[in-house]
1. May I ask you to verify whether residue B:114 is buried (at least 19 other Cβ atoms within 10 Å of the Cβ) and within 13 Å of DNA strand C (Cβ to nearest atom)?
2. Looking at region A:80-98 only, could you name the residues that are within 11 Å of DNA strand D (Cβ to nearest atom) and either under 13 Å from residue A:114 (Cα atoms) or modelled with pLDDT of 95 or more (or both)?
3. Among the residues of region A:129-153, how many are within 7 Å of chain B (Cβ to nearest Cβ) and either in contact (Cβ under 8 Å) with a residue 40 or more places away in the chain or more than 16 Å from residue B:109 (Cα to Cα) (or both)?
4. Can you tell me how many residues in region A:57-77 are in a helix (DSSP H, G or I), within 11 Å of DNA strand C (Cβ to nearest atom) and buried (at least 17 other Cβ atoms within 10 Å of the Cβ)?
5. Evaluate region B:134-150: report whether one residue or more is buried (at least 16 other Cβ atoms within 10 Å of the Cβ), in contact with a Phe, Trp or Tyr (Cβ under 6 Å, 6 or more places away or on another chain), under 20 Å from residue A:90 (Cβ atoms) and not aromatic (Phe, Trp, Tyr).
6. Which of the residues that make up region A:45-56 are away from DNA strand C (no atom under 12 Å from the Cβ) and in a helix (DSSP H, G or I)?
7. Would you say residue A:87 is buried (at least 20 other Cβ atoms within 10 Å of the Cβ), closer than 24 Å to residue A:146 by Cα and either within 16 Å of DNA strand C (Cβ to nearest atom) or within 14 Å of chain B (Cβ to nearest Cβ) (or both)?
8. Restricting attention to region B:108-124, which residues are within 16 Å of residue A:134 (Cα to Cα), more than 10 Å from chain A (Cβ to nearest Cβ) and free of Cβ contacts under 8 Å to residues at least 40 places away in the same chain?
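The values are calculated or read from the model by the stated rules, or taken from the named source; none is laboratory data. Every value quoted in this text rests on a predicted model; they were computed, and no experiment measured them. Virtual Cβ from ideal backbone geometry, glycine too; neighbours counted across all protein chains shown.
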2 protein chains.
Amino acid sequence: MAEHSHDHAASGHDHAHDHGHDHDHTHDHGSAPAKLTRNQTLVFGALSRAGGPLTAYTILDQLRDDGFRAPLQVYRALEKLVEFGMVHRLESLNAFVACSHPQCVDHETMAFAICESCGSVSEFADAAITRQLKGWAGDNGFALAKTTIELRGTCRTCQAAV
Amino acid sequence: MAEHSHDHAASGHDHAHDHGHDHDHTHDHGSAPAKLTRNQTLVFGALSRAGGPLTAYTILDQLRDDGFRAPLQVYRALEKLVEFGMVHRLESLNAFVACSHPQCVDHETMAFAICESCGSVSEFADAAITRQLKGWAGDNGFALAKTTIELRGTCRTCQAAV
DNA sequence: TCAAGGTTGTAATGTTATAACAAGAATTGC
DNA sequence: GCAATTCTTGTTATAACATTACAACCTTGA
């Protein structure tokens, strides 16, 4: 299954406050955005740099220098990014993480393994689980809109570190 | 915030459950308590009566007449009840629900189907999903402590009601 | 040009959860 | 009985997470 590797190369500190909008995003996700707004770009950049989950308020703090002043600026961007399938919300952490999938293969039934020791998150998809959940939904007349699957525990690295 | 009317018959896999004020319950769970404290009894009673998910603050309001004054009285009781396996936390709702299983068969990998229309919750266990998740954990050296599986959608009753 | 619709900024508020500390009650040992 | 210990409880305050409401500002297109 998929592995954890949030390396979206947001290296440079591109602090140019251009009004020229040189966004050449070519993402093509579920609800594909032609291009992101400035705030969406900044929020997604923060999540990509982090390489792991961040809370909305942590993102806010990181974007103070970019002019962010209020939670809503973050929440609004996150709402869109989740909608686009570029970001996932981790319910059990009240946090958000950039999607690990290069081409965003499947956003219906992702699963997340969260290490309670180091905070790392592994995102994976499992066809059998998806099938099983859809099977239950079908059997019970439940119109499935979204699923949340989150595993809590200790990752291999943290276990080895003991 | 909203008070849902909890249709507990939304599932064909429903389990019978006593919704009475069983102040002298005889549950015997993993961390079986001989007997609950007064606050634990009151909180569990509120959840049982509701027959569906309640937030901590809703429980607090319902227990004002019983002398509850502060959130912590509720949260402390909930913490123990979850530990005992008598109550589950629904991460995607920030709410709590009394366990639907008479003898609390399996508390490791329960799944919850939450109707976004009426707020009803169906609790079920699926051996295949459990096996699959444990399989992933094993393959990836992840020491699994707890899993959260929550389905959002529309229950059969609410679909029919359209 | 204007109107419509989307995005933004800001203040205020609402909702969920925990920290810190003091006091009360049950238990044990002397 | 009387500490010492421990667990539960009550209370205040605060932290952490999220939304409402409204005004201003850009776009886009007729």
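1. Numbers: buried (at least 19 other Cβ atoms within 10 Å of the Cβ): yes; within 13 Å of DNA strand C (Cβ to nearest atom): no.
No, not satisfied.
2. Across region A:80-98, the qualifying residues are A:89, A:90, A:91, A:92, A:93, A:94, A:95, A:96.
3. Adding up the residues that qualify gives 15.
4. Of the residues in region A:57-77, 4 are in a helix (DSSP H, G or I), within 11 Å of DNA strand C (Cβ to nearest atom) and buried (at least 17 other Cβ atoms within 10 Å of the Cβ).
5. Yes, region B:134-150 contains at least one residue that is buried (at least 16 other Cβ atoms within 10 Å of the Cβ), in contact with a Phe, Trp or Tyr (Cβ under 6 Å, 6 or more places away or on another chain), under 20 Å from residue A:90 (Cβ atoms) and not aromatic (Phe, Trp, Tyr).
6. If the condition is that a residue be away from DNA strand C (no atom under 12 Å from the Cβ) and in a helix (DSSP H, G or I), then A:45, A:46, A:47, A:48, A:49, A:50 are the ones that fit.
7. Yes: the conditions hold for residue A:87.
8. Correct list: B:110 only.
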